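A short reminder: the numbers here are calculations on the coordinates, not readings from a lab. Since the model is a prediction, treat every value here as computed from it, not as a measurement. Every residue, glycine among them, receives a Cβ derived from its backbone with ideal geometry; neighbour counts consider all protein chains shown.
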Amino acid sequence: MDRGGKAAELEISELLKKTSDMLIRKPKTILCSLAATAALIVLYPGKATTAPACQVVVVNGAGQGLAHVDVYRNIQDYSWGDSEKSQHAVTDNSGSAWFPLLQRRLSPAAELAGCIRQILSAGAHASCGVYSDISAVNGHLVETARSDQRVDRKNQILRLTMADCPSGDYWTCRGYPHR
């Protein structure tokens, strides 16, 4: 074999070695890229709806809107500590009140960590996620019925029917026996 042939053979040998090294390293690169992407997805704080935008319609038994009724929305977020938020609105002349959309930024890993913390502290009685409740208060009026219509993931309409309760005893007016 002449010098040109040996040089070509050496060049091909080096090229094969580089190619095999690249093939060995490439899966490692792909795995590292996949791991970095997964970590980013788990650790990146995304937006989540804490409480949807809500229109509350407060009516009497005849379906007429009740004006000047205090409406409260209480939100308890168990995913990240025991954060609690309360909002207040007053119905207009047609009996409607509005609450805005509430969102939070929290990564899936932080949410999972918060739930694990809740489970460790409260055991079988632990709560995870977000809890939201709406109530209306006005003198002797008590809520007798409610209907909830979910418009989409970020909007809802809640209809509260109120009745007069002259005794002021909520449970009796709701039809429960005396305790």
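Label sites at N138 and N155, each approximated as a point 7 angstrom past Cα along Cα to Cβ, lie 2.5 nm apart. When peptides 35-41, 116-122, 126-132 are ranked by their average number of other Cβ atoms within 10 Å per residue, the highest-first order is 126-132, 116-122, 35-41. If I take R0 = 41 Å and measure r between the Cβ atoms of E11 and S33 in this structure, what FRET efficiency does the formula 1/(1 + (r/R0)^6) give, to the nearest 0.05? Taking R0 as 41 Å, the efficiency between E11 and S33 is 0.85. Rounded if a/c is under 1.5, else prolate if a/b beats b/c, else oblate: with a ≥ b ≥ c from the C-alpha gyration tensor eigenvalues square-rooted, which is segment 47-173? Verdict is prolate for segment 47-173. Site pair W98 and Y131 shows an inter-label distance of 3.0 nm when each label is modelled 7 Å from Cα along Cα→Cβ.
Summary of packing: across the peptides 94-105, 67-78, the per-residue average of other C-beta atoms within 10 Å ranks them, highest first, as 67-78, 94-105. Calculated FRET efficiency, R146 to Q64, Cβ-Cβ distance, R0 = 22 Å: about 0.85 to the nearest 0.05. Spatially, segment 138-159 and segment 27-50 are offset by 39 Å when compared through their Cα centroids.
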